[in-house]
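Worksheet: the structure to be examined is printed underneath.
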Amino acid sequence: MSFSQLGLSPELLRALEDAGYQTPSPIQSKAIPACLEGRDVLAAAQTGTGKTAGFTLPILERLSRQPRSGKRPVRALILTPTRELAAQIGESVEKYGVHLSPRLKSDVVYGGVKVNPQITRLRDGVDILVACPGRLLDLVGQKAVRLDEVETLVLDEADRMLDMGFIHDIKKILRLVPGKRQNLLFSATFSKEIRELAGTLLNDPVSIDVAPRNTAAESVDQSIYMVEKPQRMALLTHLITHHQWSQALVFTATKHMANRVTQHLQKAGITAAAIHGNKSQNARTAALSGFKSGEVQVMVATDVAARGIDISELPNVVNFELPKTPADYVHRIGRTGRAGASGQAVSLVMPDERGQLKQIEKLIGRPIPVASAEGFDFSRAVPETPDEREQRPRGGQRRQGSGQSRNGGGGGARSGNGGNRNGSGNRSRSDGNRDEQARPARRRRRSGPRTVDNSGNR
Ligand code: AMP
């Protein structure tokens, strides 16, 4: 199958040639013809499958067949959970539409940045709008944009949007768009909630399932290291240096931990940058571009911040802490092993994370092999930080299983490696702040099904 067989105009084919794409990815072969026919689509696909071109190309094709001039209404609305993903989709729309004549106008809107420039830009109208739900509703409220001529609605990373508590915003947006429209829903995982949303949203959809659902990519080499808390930082540093990883994306559960890991790596002489919702948009953009260019060796990210980040052929993903949900694990390791490139996903698993590990293994349908950390001295413990001391139970008792005294002497860390999944410890972890879009606390409290920690340091 070639792109020219998919029904795309010569202008779009030229842009694909410029991008160096030779053949359509499986999702593109299936989604593009269905979208061009005007069908609704339900696609199981994560970042890395080429899904963005799968929906942006047919949108560009359809809209360019009926160009509008003057003040244009939004005719295609693409909803995404995060700013980074929105920006990437916006870039794709621009890239693929570059040779169209007349050009279609597109824009990207998300929270965390000033709203006025967005209002000014929207004044002249856009054909294709890529938006995060919260900011879009703000803009509609301020009468900066209308959605009553939307012909195609895309929900990208729909599972993520629901996880982040956007369901109420999505429902509001659904009331603002015309009833007769094309709907395209992309999701990496299919929970009951997603199936319910798909049931209400989609009309006789074409179902596309390019990767087995809820299954980790086959091309990703996955392994775990059983580790005690005081050894985690040292083990991470060891793995990066010992294996000479040129580019690694490290996931933490909280923003606070992302900062701490980053600082630790920097002290060890590794160029590292953190990316999370407490960072300004400029800092996030700078960290991402440094990472992409290779200047930054390790990027430490929370789940939300890393969502949808497209770094081609990212070789290493590390779960410094296991994610809250097994689906998040699939999302995380989906950052590597893309487009047939081999990738490695490594998880550091503490004794009290064994339950989460079991859930993950259940979801991916196989056990993840335990690796041995060649050359790493497991009796080595990193001094506890003031933060960790604060987390200790009252009375100054050290958590069970931490094993080491502050100065690294003590009774020695429990060995947790070499195929041994046993261990103890009762680390408690509160969930991170899910919504990193700098949305008002009022909406945040209302919209999320889960408890949100607004302390700002999680
Ligand atoms: P996505 O899954 O949409 O985030 O795309 C992942 C990456 O694959 C992006 O860097 C795209 O530029 C790239 N890509 C998309 N389609 C193709 C294709 N047909 N051939 C080669 N690369 C592609």
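Can you find, among His238, Tyr329, Thr302, the residue sitting farthest towards the positive end of the charge dipole of region 220-364, where Lys and Arg contribute +1 and Asp and Glu -1 at Cβ?
Thr302
With label points built 7 Å along Cα→Cβ from the Cα atoms of Lys267 and Ser293, find their separation and express it in nm.
Output for this residue pair reads 2.9 nm.
With a 1.4 Å probe and every protein chain left in place, tell me how much accessible area Asp138 has, in Å² to the nearest 10.
Counting only protein heavy atoms, the figure is 50 Å².
With every protein chain kept in the model, how would you rank Glu151, Glu17, Glu94 by accessible area, 1.4 Å probe, largest at the top?
In descending accessible area the options line up as Glu17, Glu94, Glu151.
How much length is gained on full extension from Ser246 to Gln22, taking 0.36 nm per residue of separation minus their Cα-Cα distance?
Here the segment from Ser246 to Gln22 would lengthen by 77.9 nm.
Between Asp148 and Ser9, what length in nm is gained on full extension when 0.36 nm per residue of separation is reduced by their alpha carbon distance?
47.3 nm
Could you calculate the contour length gain from Ser223 to Arg121, that is, 0.36 nm times the residue separation minus the distance between their Cα atoms, to one decimal place in nm?
My answer for the length gained is 32.0 nm.
Evaluate the Kirkwood expression for the hydrodynamic radius of region 220-364, namely the inverse of the mean inverse distance over all pairs of different C-alpha atoms, and round to one decimal in Å.
15.0
With every protein chain left in place, what is the accessible area of Asp18 in Å² (1.4 Å probe, nearest 10)?
Spelled out: Asp18, probe radius 1.4 Å, area about 100 Å².
What distance in nm separates the simple spin-label points at Asp204 and Arg65, each placed 7 Å from Cα in the Cβ direction?
Each label point lies 7 Å from its Cα, and together they span 1.8 nm.
Run through region 59-151 and list the trypsin sites (Lys or Arg not before Pro) located in a DSSP loop whose Cβ has at most 12 other Cβ atoms within 10 Å.
Lys71, Lys114, Lys143
Whenever you get a sec, line up Lys324, Lys180 from highest to lowest accessible area (probe 1.4 Å, protein heavy atoms).
Ranking Lys324, Lys180 by accessible area, largest first, yields Lys180, Lys324.
Place +1 on the Cβ of every Lys and Arg and -1 on the Cβ of every Asp and Glu in region 220-364, take the dipole about the Cα centre, and give the residue among Leu357, Val317, His264 whose Cα lies farthest towards its positive end.
Comparing the listed Cα positions along the dipole, His264 ranks first.
Could you put Tyr21, Tyr110 in order of accessible surface area, largest first, with the 1.4 Å probe and the full protein assembly present?
Largest accessible area first, the list is Tyr21, Tyr110.
The values are calculated or read from the model by the stated rules, or taken from the named source; none is laboratory data. Quick caveat: nothing in here was measured; it's all calculated off a predicted structure. Cβ sites come from the backbone with ideal geometry, for glycine too, and all protein chains shown count toward neighbours. Ligands, DNA and RNA are excluded from the accessible area calculation, which covers all protein heavy atoms including side chains. Shrake-Rupley method; radii C 1.70, N 1.55, O 1.52, S 1.80 Å.
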